[in-house]
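Notes to accompany the following structure.
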Amino acid sequence: MLTDHLLDDAGNAPGAIAITVVDVDGFASWLEAQPEALKGWVESHRFEARAGRHLLLPGLDRPGGVLLVRSRIARLWDFAGLPQALPAGTYRLDDPQDFATPAALGWALGCYAFERYRPARRRPADLVWPEGADQTDVRRTAAATEMVRDLVNTPAADLGPAELEALMGQLAERRGATFRATTGAALLDAGYPMIHAVGQASDRAPRLLDLCWGDEGAPRVTLVGKGVCFDSGGLDIKPADGMALMKKDMGGAAVMLGLTSMIMDAGLNLRLRLLIPAVDNSVSALSMRPGDVLQSRKGLSVEIGNTDAEGRLVLADALAEADAEEPELLLDAATLTGAARIALGPEIAALYSDDEDLAADLARQAEAQADPLWRLPLWAPYGRHIESRIADLNNAGEERMAGSITAALFLKRFVSEARSWAHLDIYAWNKRARPGRPVGGEAQTMRALFALVAERYSLD
């Protein structure tokens, strides 16, 4: 576990090396007040006071300390680069003040490495738990983030619909939740025709995974995550470079699994339901074809304009199922469109909602949690792009512009009864290495979503 690199108390590490933390605005005055020898050391290294930068201070046979610059408002990422950058050993924060919790979480996340197929190349440095840190919160968030990253990083050969089912079943068993899976041809009998149509070409049967937890009389919160374990594009097959990262097309499912774990661990006052349509989008004689018309659980007919727009199809059936219960809050997450990445890049998730309060609350929590997202419009006139001449909807349409918006508008057609709904178009992947965020799978938006749900449904 990532928090194994956080030591219980200073008694376990009496020689822990001190980390002095200075905020970026106060650095100049701090430096001016230091002894000449220390001032000269800092200046001789041409040290620049930028958030997250650190400098080893001189000692005899080991560092005499560490200087770290933090943001004006301390962020977890200010601390996340230290575990991999510092020499092996044990460290402690000198006067953690009000940033003990983000510092501890940043340290934990900075220890992450995907080790399923190869051990980490070095052991991260250890930190004594900062005084005042919320250990419960840090452990909960670190464990969920590690799970999500591991899931997204795992190749599709080792993580398919059956493996997602097993994992979700284990999570339900640990937390006393109910769980069921509807698999293969049973999807047709149960009324999930689009999930079946997308997944029927694979030798790994499609399924709808359904977990419920909490008091039935509590406010209903439902989560839906896109669980496309590998996306070839179907008959509208992707080029090779377009398939290279398609193991991560279940990133929405992974994020919602992590969020579910956090909610249950926190014991929030809600009735939670998690729905994951788990499929492969493969190529075979059973593949759905461009021009086919599918029936949906909602009763809307959908013409297939592009078999590579499969995620919205499986989400639509799951959203219709969720919506029928009239939840107070309905959230979905999906690695849905390349258009969102063109608009916002890989580091910012796209948010869609027609609930102004929900959108504002999510934006506020995203800022507070350093888990960025940006609201894009559900621009109704663009609905013309997903009209069909022979069915109620087209899953892709002919217009390539505004692809993320039209995908969100497609999903919106399957949500009518939920009191509040938000759709998150995420990337779920770190394209470049940053402190605490190595290249690979990422739990994008999970911390912001948990903060929102915890604020609304806390037991306090």
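A few comments on the model shown:
- Candidate set from the stretch 334-371 (those that are of a type in the set (Ser, Thr, Tyr) and part of a loop (DSSP other than H, G, I, E, B)); member that is surrounded by the most Cβ atoms within 10 Å (Cβ to Cβ): 335
- Of all the listed residues (378, 424, 409), the sole one being in a helix (DSSP H, G or I), of a type in the set (A, V, I, L, M) and within 16 Å of residue 332 (Cα to Cα) is 409.
- Some residue of the stretch 301-323 being under 21 Å from residue 422 (Cα atoms), surrounded by fewer than 24 Cβ atoms within 10 Å (Cβ to Cβ) and touching a Pro at 6+ places or on another chain (Cβ under 9 Å): no
- When 319, 331 are checked against the criterion of being under 30 Å from residue 210 (Cβ atoms), in contact (Cβ under 8 Å) with a residue 12 or more places away in the chain and outside any strand (DSSP E or B), a single residue qualifies: 319.
- Residue match in the stretch 112-132 (condition: part of a helix (DSSP H, G or I) and out of contact with any Asp or Glu (no Cβ under 9 Å at 6 or more places or on another chain)): no
- Restricting 211, 171, 188 to residues that are part of a helix (DSSP H, G or I), buried (at least 18 other Cβ atoms within 10 Å of the Cβ) and of a type in the set (A, V, I, L, M, F, W, C) narrows the list to 171.
- Any hit, the stretch 238-260, residues being of a type in the set (Lys, Arg), out of contact with any helix residue (DSSP H, G or I) (no Cβ under 9 Å at 6 or more places or on another chain) and either in the same structural domain as residue 310 (by TED's automatic domain parsing) or at pLDDT below 95 (or both): no
- Qualifying residue in the stretch 249-258 (condition: within 24 Å of the chain's Cα centre (by Cα), surrounded by 19 or more Cβ atoms within 10 Å (Cβ to Cβ) and not in a helix (DSSP H, G or I)): no
- Residues of the stretch 287-314 classified as assigned to a strand (DSSP E or B) and among the hydroxyl-bearing types (Ser, Thr, Tyr), total: 1
- The stretch 45-104, subset among the small types (Gly, Ala, Ser) and not in a loop (DSSP other than H, G, I, E, B), residue surrounded by the fewest Cβ atoms within 10 Å (Cβ to Cβ): 85
- Being out of contact with any helix residue (DSSP H, G or I) (no Cβ under 9 Å at 6 or more places or on another chain) and of a type outside the set (Asp, Glu) holds for only one residue in 143, 201, and it is 201.
- Residue match in the stretch 381-393 (condition: farther than 19 Å from residue 443 by Cβ, crowded, with 21+ Cβ neighbours inside 10 Å and assigned by TED's automatic domain parsing to the domain that holds residue 256): yes
- Qualifying position, being in contact (Cβ under 8 Å) with a residue 24 or more places away in the chain, among the aromatic types (Phe, Trp, Tyr) and part of a helix (DSSP H, G or I), among 450, 414: 450
- In the set (1) under 30 Å from residue 448 (Cα atoms); (2) assigned to a helix (DSSP H, G or I), residue 31 fails one condition alone, (1).
- Any chance residue 180 is part of a helix (DSSP H, G or I), among the basic types (Lys, Arg) and at pLDDT 95 or above: no
- Every test in (1) at negative phi; (2) under 25 Å from the mean Cα position of the chain (by Cα) is passed by residue 176 save one, and that test is (1).
- Residue 174 fulfils the conditions (1) free of Cβ contacts under 8 Å to residues at least 12 places away in the same chain; (2) in contact with a Leu (Cβ under 9 Å, 6 or more places away or on another chain) except for a single criterion, (2).
- Pairs linking a residue in the stretch 13-39 that is within 20 Å of residue 91 (Cβ to Cβ) to a residue that is of a type in the set (S, T, N, Q), with Cβ atoms under 6 Å and 6 or more positions apart or on different chains, are 13/90; 16/90.
The values are calculated or read from the model by the stated rules, or taken from the named source; none is laboratory data. It should be emphasised that the depicted structure is a prediction, and the values quoted were computed from it without experimental measurement. Please note: Cβ atoms are built from the backbone with ideal geometry, for glycine as well, and neighbour counts cover all protein chains shown.
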